[in-house]
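Step one of this worksheet: look at the structure below.
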Amino acid sequence: MKSNFISKELKIAVVSGGKSRERPGSLISGKAVYDSLIKQGYRNSYLADPLEKNFINNLDRADVVFIVLHGRYGEDGKIQGYLETVGKPYVGSGVLSSALGMDKNYFKILLGTAGIPTPRFEVLPDKLSVHKFTKIMKRLGIPLFLKPISEGGSLGSNVIHTSEQFINNFKEFKRQGFDRFLVEEYITGRSLTVGVLQRKSKIVVLPILETISKKEFYDYEAKHDSKLHEYRCPASLNRVTTKRVKDLARKVFELIGCYGFNRVDFILDNKTNIPFVLEVNTIPGMSLHSNMVTSANAAGIDYDQLVIEMLNTAFNRPRYLP
């Protein structure tokens, strides 16, 4: 099926929820996508949650799967691998690109090899001594940014100002079940995010969105509480910076082999005006006021149109994609 026409009779499984720490946000995103599909006449659409006992049956009876799972088991290539194995069409990026985007260590290594600016970083061992951390501080400076390697939504992350704070945070996050961590140099600057959308064979870079957080950084709480952040879209940037950020977003999309859509997060250094790539989100949030949706709206694409553009990616996927 290569046409942009999608039969209203298709059975569309909107997969959200799951067992990652981002389950609450995923459920909100999934419900918004489902409501949009029903409103647009796709009456055979239904919600499917991996935590339900009949989840596999719900996947098997679908004609196409709209993945809105955030974090592990959804954004890391696992569900994509299952769907590839059984030959089920699904929206968005494939197995390898999803896995690379989720693992911050390998993602940042790839950025480095491609010459894309990203904050200097170091992967932390499971057992970390104060001596080892002191050596890291000398190399990367202070403050530092602590984050899990394979989590999203800024969960398990914090700005580190002292070795004592680091040890306390590291132990607490470990106690909460987070496993592998990295620390990166903390760059003070403007928080930017850029949505990328594949429309037919054309890659469209959406308007740049700037987020002003009322907390020390744009953490999980700030992301999900409209009182704790402010959006500016399009971001007020000069023409040269705008082009550079958009070019880098496209380059990241192509570097890890993304397909359909993604969102790339940046920090624009206050001192040098260099845009540093922080992370990539292969399944961005789809609540009505999410970053991706806000950027699409600024480009003249309303929510319902965005959902259909994403749905189209399930049927136009090139065979050679990883």
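Scanning region 203-228 for residues that are modelled with pLDDT of 70 or more, touching a Phe, Trp or Tyr at 6+ places or on another chain (Cβ under 9 Å) and under 18 Å from residue 278 (Cβ atoms) returns 205, 208, 209, 210, 211, 212. Please determine whether any residue of region 153-160 is touching a residue at least 40 places away in the same chain (Cβ under 8 Å), crowded, with 18+ Cβ neighbours inside 10 Å, in the same structural domain as residue 264 (by TED's automatic domain parsing) and within 18 Å of the chain's Cα centre (by Cα). No; the residues of region 153-160 include none that is touching a residue at least 40 places away in the same chain (Cβ under 8 Å), crowded, with 18+ Cβ neighbours inside 10 Å, in the same structural domain as residue 264 (by TED's automatic domain parsing) and within 18 Å of the chain's Cα centre (by Cα). Filtering region 299-311 for residues that are modelled with pLDDT under 95 and surrounded by fewer than 17 Cβ atoms within 10 Å (Cβ to Cβ) leaves an empty set.
If you check residue 250 against the conditions, is it surrounded by 14 or more Cβ atoms within 10 Å (Cβ to Cβ), on the phi < 0 side of the Ramachandran plot and at pLDDT below 95? No; evaluated as a whole, the condition is false for this residue. Residues in region 31-39: is at least one surrounded by fewer than 16 Cβ atoms within 10 Å (Cβ to Cβ) and more than 28 Å from residue 249 (Cβ to Cβ)? Looking through region 31-39, at least one residue is surrounded by fewer than 16 Cβ atoms within 10 Å (Cβ to Cβ) and more than 28 Å from residue 249 (Cβ to Cβ). Selection over region 20-42 of residues that are at pLDDT below 95 and either on the phi > 0 side of the Ramachandran plot or touching a Leu at 6+ places or on another chain (Cβ under 6 Å) (or both) gives a count of 2.
Answer with yes or no whether residue 94 is touching a Lys or Arg at 6+ places or on another chain (Cβ under 8 Å), farther than 30 Å from residue 270 by Cα, of a type outside the set (Lys, Arg) and surrounded by 21 or more Cβ atoms within 10 Å (Cβ to Cβ).
Numbers: touching a Lys or Arg at 6+ places or on another chain (Cβ under 8 Å): yes; farther than 30 Å from residue 270 by Cα: yes; of a type outside the set (Lys, Arg): yes; surrounded by 21 or more Cβ atoms within 10 Å (Cβ to Cβ): yes.
So residue 94 fits the description; yes.
Restricting attention to region 161-180, the residues that are assigned to a loop (DSSP other than H, G, I, E, B), surrounded by 13 or more Cβ atoms within 10 Å (Cβ to Cβ) and either of a type in the set (D, E, K, R) or at pLDDT 80 or above (or both) total 2.
Within region 14-32, which residues are assigned to a loop (DSSP other than H, G, I, E, B) and touching a strand residue (DSSP E or B) at 6+ places or on another chain (Cβ under 7 Å)?
16 - this is the single residue of region 14-32 that is assigned to a loop (DSSP other than H, G, I, E, B) and touching a strand residue (DSSP E or B) at 6+ places or on another chain (Cβ under 7 Å).
Here is a check on your reading of the model: is residue 261 touching a Pro at 6+ places or on another chain (Cβ under 6 Å) and crowded, with 21+ Cβ neighbours inside 10 Å? Considered against the rule, which asks whether it is touching a Pro at 6+ places or on another chain (Cβ under 6 Å) and crowded, with 21+ Cβ neighbours inside 10 Å, residue 261 comes out as no.
Selection of region 45-65 for residues being buried (at least 16 other Cβ atoms within 10 Å of the Cβ) and of a type in the set (S, T, N, Q) yields 45, 58.
The values are calculated or read from the model by the stated rules, or taken from the named source; none is laboratory data. Since the model is a prediction, treat every value here as computed from it, not as a measurement. Cβ coordinates were reconstructed from backbone atoms using ideal geometry, including for glycine residues, and neighbour counts include every protein chain displayed.
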